[in-house]
Amino acid sequence: MIRDITDARSARADHLTGLNNRRQSEHEGAHLLGLRNEEPVILIMLDVDHFKAVNDTHGHQAGDEVLRGIAGIMDRICRQSDFAGRWGGEEFVLLLPKTDTEGGGDLAERLRNTIAESPFPGIGAVTVSLGFAPAAEGDTLFPLVERVDDALYRAKNAGRNRNETVLLGGIELE
């Protein structure tokens, strides 16, 4: 018996970037947090800085190329066990199983630097802001997403092109 799973795969993938879509990211995040057995998990959220200006100045096709380029960088930098998805618009998420805060910070900084150093044809440099946090004991996905989203917007408000960590019991800037 042969079964075509093309539709099932396409229902999980973001049509523009090829990464997992938000629905699949939510599913995988909830699943990963439910199975982690006290092992560390890091969630990273990144947002393209001044993305509206990219679209307004260079057109939506150029903006789409930026999103595809960032997805490609994420795919190259992440480990096979990591989970990358497009959260929506110009926001992306990474779930890093078996990763402590230091490892999450290293990856976030490597992503930030690689994206900033990668020229986008016809556009030039693009930067991203990132927020990340470790999952707390008993965490479900949405409280973790809320903490990471808060960290992301702190990074944007502090000048963009940076990352910020939310540690349990406090905030630490990277």
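We did not get these values from a lab; they are worked out from the coordinates using the rules stated. Remember, predicted model here, so these are calculated numbers, not experimental data. We place every Cβ from the backbone using ideal geometry, glycine too, and count neighbours over all the protein chains shown.
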Report summary line: Expressed in angstrom and rounded, the centroid-to-centroid distance over alpha carbons for the stretch 78-121 and the stretch 123-147 is 10
**Report entry** Mean Cα-pair separation over length for the chain, i.e. relative contact order, pairs under 8 Å, 6 or more apart, %
**Finding:** 26
Query raised in the report: Computed from the mean reciprocal separation of all distinct C-alpha pairs, what Kirkwood hydrodynamic radius does the stretch 29-74 have, in Å?
Result: 13.1
Query raised in the report: Cα atoms only, the stretch 14-173: Rg and Dmax in Å?
Result: 14.9, 48
Query raised in the report: Relative to the present Cα-Cα distance, how much length would full extension add between GLU38 and LEU167 at 0.36 nm per residue of separation?
Result: 44.8 nm
**Report entry** DSSP beta bridges in the stretch 1-140 [antiparallel fraction, %, rounded to 5]
**Finding:** 95
Query raised in the report: What FRET efficiency, computed as 1/(1 + (r/R0)^6) with R0 = 35 Å and r the Cβ-Cβ distance, is obtained for ALA13 and ALA116, rounded to the nearest 0.05?
Result: 0.85
Report task. Between HIS50 and PHE142, with labels modelled 7 Å along Cα→Cβ, what's the label distance in nm to one decimal, could you check? Result -> 3.6
Report summary line: 1/(1 + (r/R0)^6) with r = Cβ-Cβ of THR127 and TYR153, R0 = 22 Å, i.e. FRET efficiency to nearest 0.05, evaluates to 0.90
Requested in this report: Please list the radius of gyration and Dmax for the stretch 99-165, considering alpha-carbon atoms only, with Å as the unit.
Outcome: 13.4, 46
Query raised in the report: Listed highest first by mean packing, meaning other Cβ atoms within 10 Å per residue, what order do 151-158, 119-126 come in?
Result: 151-158, 119-126
Query raised in the report: What does the charge add up to near ARG36, with Lys and Arg as +1, Asp and Glu as -1, over the other residues with Cβ less than 12 Å from its Cβ?
Result: -3
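Pop the C-beta distance of GLN80 and ASP100 into the FRET formula with R0 = 22 Å and round what comes out to the nearest 0.05.
FRET efficiency, GLN80 to ASP100: 0.75.
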Query raised in the report: Applying the Karplus parametrisation 6.51 cos²θ - 1.76 cosθ + 1.60 with θ = phi - 60° to the phi angles of the stretch 120-131, what ³J(HN,Hα) value in whole Hz is obtained for each residue in order, glycine and proline being reported as x?
Result: 9, x, x, 10, x, 7, 10, 10, 10, 10, 10, x
